[in-house]
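Inspection log for the structure reproduced underneath, given as structure tokens.
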């Protein structure tokens with residue numbers, strides 16, 4: 001029902017209805033946004049006993065006459081959410097829980113079929129409740145759960161319509177990312193669970209390879225450009241010690257650092273958690289697991305990909321798949337939560353590109369640039385004054401300045417918000433093992449209890465792709481008041497079911513992120529016209545996405561057509577255009593969410609201001625947007641209309 005795990009299983013087939021700029025959110029983008037990285041990963045378990053337990057306990061909840069109907073429905077939501085994440089060790093780890101830490105998710109076809117059966121059973125059980133007897137908050141949860149289950153059941157037919165490994169996300173990059181960033185080692189058992197996961201990698205990748213074969217059998221093979229990225233990134237994981245005599249590999253370095261922490265005495269005189277002999281045994285066990293499981297797992301995947309690369313083509317859009325046009329129509333509906341057609345979205349993009357170009361011309365005049373907009377964009381793209389040096393000093397300075405921007409914005413939040421997140425936010429460079437392939441920036445949400453902070457990742461592999469004039473807007477989008485503000489508050493909401501606290505809708509999440517780039521301008525940020533140009537450049541980028549995504553998947557645009565459109569219409573580096581077009585190709589429709597979501601939020605805000613006049617409070621408006629967690633855009637509109645009516649009634 002929009003479960004974390006079920007939602008992300010759906011994402012592997014469809015752009016997520018339940019998710020990252022750059023794989024923000026953060027989105028999502030977000031447990032939701034980070035689990036996208038394991039696109040083909042679905043939760044495991046002893047499914048027969050799990051399903052049987054669910055039947056019994058759901059029946060008990062339904063039969064409990066001492067509870068109100070709303071209480072029973074919310075108990076049902078709690079139980080089914082917990083059942084869902086209990087089937088997914090990865091989800092448990094992302095939430096900061098310690099259960100099943102030594103395991104990987106089951107990504108077998110059999111598990112997918114069992115998940116479908118569970119979804120059908122849960123939908124049938126949900127419909128047995130008396131909707132009319134529910135209170136209003138529970139009615140909303142009921143409607144969202146029903147819609148989510150129905151769509152997941154419908155979308156099962158598209159479960160193979162994706163590339164389980166690609167340059168944006170996939171099991172190959174998910175594994176080191178989760179071990180390094182999510183698998184915390186605070187005890188001996190945590191360290192042993194880490195080794196257990198290393199030992200479990202070979203069977204996990206065996207399932208992955210079978211899933212790739214299933215897609216190959218129906219003609220779903222990644223375009224040729226994908227393979228060098230994925231093969232290189234996979235080779236990076238098994239380069240370095242203990243595989244060779246070079247510096248420690250990324251996973252091995254992480255494990256060594258974590259167990260060293262267990263072996264060290266605390267600053268307060270607290271004794272070490274493990275002795276030297278235990279430390280040495282853990283290191284030996286990890287070394288054996290790396291050589292006996294991790295290395296052969298990646299080598300088998302690399303061999304499979306090398307064979308597929310030989311038969312891959314350069315056709316890029318999903319139009320090439322059987323029923324590809326129908327799939328893309330469904331994908332757009334799930335991504336945007338609207339009924340907009342591909343043609344309508346394409347035209348909205350063209351109109352927005354033209355409008356933003358006009359605003360950019362005004363800035364060009366302000367700074368006294370005398371040539372045309374195209375020349376101004378070229379100047380912004382090429383001038384060294386807008387880039388940090390591509391060395392460690394330049395990268396450190398970028399991270400420091402991005403952190404300072406976020407810290408400044410924290411001090412201005414009371415002007416715009418009534419509710420602020422409790423969880424902290426850190427800024428971090430994308431790790432070396434994936435920086436060449438990863439997007440330019442993305443967000444990872446905090447742990448469930450808030451003890452692990454949210455992370456704003458900046459990709460500093462090529463500083464020419466990270467102009468300083470875009471730094472401000474990027475920090476606002478990924479950090480505050482963007483993804484961290486929305487997703488951390490969502491997790492901290494009280495009195496809503498967990499499937500809503502940890503699920504999401506891409507158009508809402510990324511629409512908020514893009515709206516958050518614009519919002520600080522209204523309190524005097526972007527005082528430098530070049531930074532304001534950067535804000536417009538990033539909005540322009542999202543408008544171009546509407547054009548190019550639909551162009552590739554419905555108009556048979558080539559990869560080169562898409563790159564040319566970005567290069568001709570934006571000031572961004574050509575490398576940005578390449579990465580973006582390649583993202584469109586492997587994540588069809590996902591990038592349309594940003595502009596569609598932002599436009600709806602702005603439309604609702606302007607309508608509310610017109611209706612309320614002096615009674616309009618921007619802080620209360622934002623509270624109303626955020627207080628329910630992510631919603632389909634039609635539900636957001638309903639809630640804002642209800643809020644406007646309530647404010648008017650009090651006036």
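If only residues of region 503-517 that are closer than 14 Å to residue 633 by Cβ and not in a helix (DSSP H, G or I) are counted, the one that is modelled with the lowest pLDDT is 504.
For region 287-340, the set of residues classified as in contact with a strand residue (DSSP E or B) (Cβ under 9 Å, 6 or more places away or on another chain) and within 24 Å of residue 218 (Cα to Cα) consists of 301, 305, listed by residue number. Here is the figure for region 88-120: residues that are out of contact with any helix residue (DSSP H, G or I) (no Cβ under 6 Å at 6 or more places or on another chain) and not in a helix (DSSP H, G or I) total 5. What do you reckon, is residue 372 exposed (fewer than 13 other Cβ atoms within 10 Å of the Cβ) and within 27 Å of the chain's Cα centre (by Cα)? It is false that residue 372 is exposed (fewer than 13 other Cβ atoms within 10 Å of the Cβ) and within 27 Å of the chain's Cα centre (by Cα). The set of residues from region 634-651 being under 22 Å from residue 491 (Cα atoms) and buried (at least 19 other Cβ atoms within 10 Å of the Cβ) comprises 636, 640. Against the numbered list (1) surrounded by fewer than 18 Cβ atoms within 10 Å (Cβ to Cβ); (2) in a loop (DSSP other than H, G, I, E, B); (3) on the phi < 0 side of the Ramachandran plot, residue 160 comes up short only at (1).
Among the residues of region 470-489, those identified as touching a helix residue (DSSP H, G or I) at 6+ places or on another chain (Cβ under 6 Å), outside any loop (DSSP other than H, G, I, E, B) and crowded, with 22+ Cβ neighbours inside 10 Å are 470, 472, 473, 475, 476, 477, 483, 486. Residues in region 189-199 that are surrounded by fewer than 20 Cβ atoms within 10 Å (Cβ to Cβ) and in contact with a helix residue (DSSP H, G or I) (Cβ under 7 Å, 6 or more places away or on another chain): 199 only.
Of the residues examined, residue 288 is not one that is under 19 Å from residue 172 (Cβ atoms) and assigned to a helix (DSSP H, G or I). Filtered by the rule that a residue be over 17 Å from residue 293 (Cβ atoms), in a loop (DSSP other than H, G, I, E, B) and in contact with a helix residue (DSSP H, G or I) (Cβ under 8 Å, 6 or more places away or on another chain), region 248-283 gives 272, 273, 274, 275. For region 414-456, the set of residues classified as more than 18 Å from residue 176 (Cα to Cα) and surrounded by fewer than 18 Cβ atoms within 10 Å (Cβ to Cβ) consists of 414, 415, 418, 419, 420, 422, 424, 426, 449, 450, 451, 453, listed by residue number. Among the residues in region 556-565, are any in a helix (DSSP H, G or I), closer than 22 Å to residue 506 by Cα and out of contact with any strand residue (DSSP E or B) (no Cβ under 7 Å at 6 or more places or on another chain)? No - not one qualifying residue is present in region 556-565.
Scanning region 355-369 turns up one or more residues that are assigned to a helix (DSSP H, G or I), more than 26 Å from residue 488 (Cβ to Cβ) and under 28 Å from the mean Cα position of the chain (by Cα). If the condition is being more than 28 Å from the chain's Cα centre (by Cα) and in a helix (DSSP H, G or I), then region 307-330 contributes only 307.
Scanning region 443-469 for residues that are out of contact with any helix residue (DSSP H, G or I) (no Cβ under 6 Å at 6 or more places or on another chain) and assigned to a helix (DSSP H, G or I) yields a single hit, 464.
Based on this model, can you work out whether residue 196 counts as part of a helix (DSSP H, G or I) and modelled with pLDDT under 95? Criteria not met by residue 196.
The single residue among 631, 546, 612 that is under 26 Å from the mean Cα position of the chain (by Cα), modelled with pLDDT of 95 or more and surrounded by fewer than 22 Cβ atoms within 10 Å (Cβ to Cβ) turns out to be 631.
In region 457-466, the condition of being more than 19 Å from the chain's Cα centre (by Cα), buried (at least 20 other Cβ atoms within 10 Å of the Cβ) and over 25 Å from residue 180 (Cβ atoms) is met by no residue.
Of all the residues in region 384-441, those that are in contact with a strand residue (DSSP E or B) (Cβ under 7 Å, 6 or more places away or on another chain) and part of a helix (DSSP H, G or I) number 6.
A count restricted to region 492-502 and to residues that are buried (at least 24 other Cβ atoms within 10 Å of the Cβ) and at pLDDT 90 or above stands at 3. Among the conditions (1) closer than 23 Å to residue 181 by Cα; (2) modelled with pLDDT of 95 or more; (3) loosely packed, with under 15 Cβ neighbours inside 10 Å, the only one that residue 264 does not satisfy is (2).
The values are calculated or read from the model by the stated rules, or taken from the named source; none is laboratory data. None of these values were measured; they are calculated from a predicted model. With ideal geometry, Cβ positions are generated from the backbone for all residues, glycine too; neighbour counts draw on all protein chains shown.
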